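To start, the structure itself, in structure tokens.
The values are calculated or read from the model by the stated rules, or taken from the named source; none is laboratory data. The shown structure was predicted, so the numbers you read here are calculated from the model rather than taken from an experiment. Cβ placement follows ideal geometry from the backbone for every residue including glycine, while neighbour counts extend to all protein chains displayed.
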Amino acid sequence: MRTGLVVGLAVFCSVFLVETASAKIDVRVNTTTYPIVGSTGYDLLKQMDRKGPKHGFLTRAIAQTRYSVKWDIDWKSQNRICRVDNVSAVLKIHYNYPKVVTRMSPALGKRWNAFMRGVKKHEEMHGSIARRMVRAAEKSISGLAVKNDPACNRAKSEVKRRVQAIYARYEADQVAFDNREHQDNGNVSKLVERLAR
């Protein structure tokens, strides 16, 4: 069965450069649900298609991962050299999943549980890619030093450039992962087909 539903990812990664730090990556995870009802797998899929989180202008997602990153950086300027002295980041990950709020038959409940295990595995991979992105960015900017930059302007521009380049690379990884999962006979298609039986 083909459906317009997708398991979605929304990325909200901005480069915030604040001049305080605590030398770590703090990951904060939040999970919400939206209610659906139905007595068949097909009914549940129709509900997700109607009530799921928006994915683009015309489609809805089964579930969604959103994340944002805030960077805290300590700068040290000495002898006309600007150095990144300390780096920390707060990565906020938000998962949104469907939740069946009516009683299901044992057979449908079993299929639903299998479906949700697959959906959560998919979304948690998006979260894992986001974690790797932040670790890669932190590694790239830690210890950065720029000569002849007493006001740290060039150093701040270089940090922003590096972080944005890493975001772009990992966003490409997120898109490639979704493309593999959503292709015909991919994991998401299989999950939908099994639920719709």
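Residue-wise test of (1) in a helix (DSSP H, G or I); (2) surrounded by 18 or more Cβ atoms within 10 Å (Cβ to Cβ).
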| residue | (1), (2) |
| --- | --- |
| N113 | yes, no |
| E123 | yes, yes |
| S128 | yes, no |
| R131 | yes, no |
| R135 | yes, no |
| P150 | no, no |
| A168 | yes, no |
| V188 | yes, yes |
Go through (1) of a type in the set (A, V, I, L, M, F, W, C); (2) out of contact with any Ser or Thr (no Cβ under 9 Å at 6 or more places or on another chain); (3) at pLDDT 95 or above and name the single condition I166 misses. (2)
Select from region 69-86 the residues that are among the β-branched types (V, I, T) and within 17 Å of R154 (Cα to Cα) and write down the one among them that is surrounded by the fewest Cβ atoms within 10 Å (Cβ to Cβ). I81
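Return yes or no: is A107 within 23 Å of F177 (Cβ to Cβ) and either part of a strand (DSSP E or B) or of a type outside the set (D, E) (or both)? Walk me through it before giving the result.
On the way: within 23 Å of F177 (Cβ to Cβ): no; either part of a strand (DSSP E or B) or of a type outside the set (D, E) (or both): yes.
So A107 does not fit the description; no.
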List pairs: first in region 146-159 and over 15 Å from N79 (Cα atoms) and of a type in the set (A, V, I, L, M, F, W, C), second part of a loop (DSSP other than H, G, I, E, B) and at pLDDT 95 or above, Cβ under 6 Å, 6+ apart or cross-chain? none
Mind checking which residues of region 45-63 are crowded, with 17+ Cβ neighbours inside 10 Å, assigned to a strand (DSSP E or B) and either out of contact with any Asp or Glu (no Cβ under 8 Å at 6 or more places or on another chain) or at pLDDT below 95 (or both)? H55, R60, A61, I62
Assess whether Y34 counts as being under 20 Å from M125 (Cβ atoms) and modelled with pLDDT of 95 or more. no
